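Comments concern the structure below.
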Amino acid sequence: EVEIVTNGRVSYEYTDNKGKITLNNLLGNYSFEISYPGDEYEGYAPCKVFRNFTFAKSKLGTVLSASKVTATYNVVKNLVVTLKDSNGKALANRKVIVKVGSISKTLATNNKGQVSLNVATLVPKTYTATISFKEDSDYKGSSLLSKVTVSKGATKLAAKAKTFKVKAKTKKFSVTLKDSKNRALKGKG
């Protein structure tokens, strides 16, 4: 039988067949005073040990994933990022920071561990998205780089067929430049 004083609280524990005692569910700072009264019949002398320990909660690792995105300017396309713990469980309600081009957002994950960001408003070119999850009280942080390509939007010229009379003094013909969503583009030359 061993006397254990843990942060001023006294308990008595018995060693197992290997001479060990295991204390469970320890978190925070502890001061231990462990004493064995000895056994004069077996020839064991008394002894004492004083130790201070800090036990920290172990944090699970995290994994971010995102597939590369190819978008057309001004046509909605999302960069989808998934956050899971090292066991593959989706992490909901965790903040993920996504930076790509002129966009920088902190987004909360949904119940599938995902965040989504529309990248189609970026100027057409290839970007490297920087995605990160900062360490919190339960999980270790992680980061990821993902490729995002935004291509130029399609345009089209729209003109109605028109017939002019030879004798008409003014002959007007209209042409309209439209984007991929069929909206007129102003001021383009």
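Since every read-out is calculated from the coordinates, none of them should be taken as a lab result. This is a predicted model, so every value here is computed, not measured. FYI the Cβ positions are ideal-geometry reconstructions off the backbone, even for glycines, and counts take in every protein chain you see.
Given the Cα-Cα distance of Ala154 and Lys68 and 0.36 nm per residue of separation, how much length would full extension add, in nm?
28.8 nm
Using R₀ = 45 Å, calculate the FRET efficiency as 1/(1 + (r/R₀)^6) where r is the Cβ-Cβ separation of Thr22 and Ala92; round to 0.05.
E(calc), rounded to 0.05, equals 0.85.
For segment 28-120, calculate the relative contact order in percent as a whole number, restricting contacts to Cα pairs under 8 Å that are 6 or more residues apart.
Reported relative contact order: 22 percent.
For Lys156, go through the aspartates and glutamates and keep the ones whose alpha-carbon is under 18 Å away, minus same-chain ones fewer than eight residues off.
Asp179
Within segment 99-116, list the residues whose amide N lies under 15 Å from a label point set 7 Å along Cα→Cβ of Leu60.
Counting backbone N atoms under 15 Å from the label point, the list is 111-114.
Would you mind computing Rg(Cα) / (2.2 N^0.38 Å) for segment 2-56, counting N as its residues?
Relative to the 2.2 N^0.38 Å estimate, segment 2-56 comes out at 1.24.
Using alpha-carbon pairs under 8 Å, 6+ residues apart, how would you state the relative contact order of the chain in percent?
Relative contact order, the chain: 16 percent.
I need the Kirkwood Rh of segment 32-96: take the reciprocal of the average 1/r across all distinct C-alpha pairs and report it in angstrom.
17.9 Å
Once you put a point 7 Å from the Cα of Thr170 and another 7 Å from the Cα of Tyr41, both along the Cβ direction, what distance in nm separates them?
Going from the Thr170 label point to the Tyr41 one covers 12.3 nm.
Can you give the extra length, in nm with one decimal, that the chain gains between Ala161 and Leu107 once fully stretched, where that is 0.36 nm per residue apart less the Cα-Cα distance?
The Ala161-Leu107 span can extend by a further 14.4 nm.
Mind checking which lysines have their Cα closer than 21 Å to the Cα of Lys162? Skip sequence neighbours fewer than 8 apart in that chain.
Partners found: Lys171, Lys172, Lys178.
Output the pairs from Lys95/Lys140; Lys125/Lys188; Lys77/Lys160 with a Cα-Cα distance over 23 Å in this structure; if there are none, say none.
From Lys95/Lys140; Lys125/Lys188; Lys77/Lys160, over 23 Å: Lys77/Lys160.
Which order do peptides 62-73, 46-57, 82-93, 30-41 fall in by mean Cβ count within 10 Å, highest first?
Descending packing order for the listed peptides: 62-73, 82-93, 30-41, 46-57.
HN-Hα J couplings of segment 125-131 from phi, Karplus 6.51/-1.76/1.60, θ = phi - 60°, integer Hz, Gly and Pro as x?
Whole-Hz 3J(HN,Hα) from phi for segment 125-131: 4, 9, 10, 10, 7, 9, 10.
What percentages make up the Cα-Cα pair-distance distribution of the chain when the bins are 5 Å wide from 0?
The calculated distribution, bin by bin, is 1, 6, 10, 10, 8, 7, 6, 6, 6, 6, 6, 5, 4, 4, 3, 2, 2, 2, 1, 1, 1, 1, 1, 0, 0, 0, 0.
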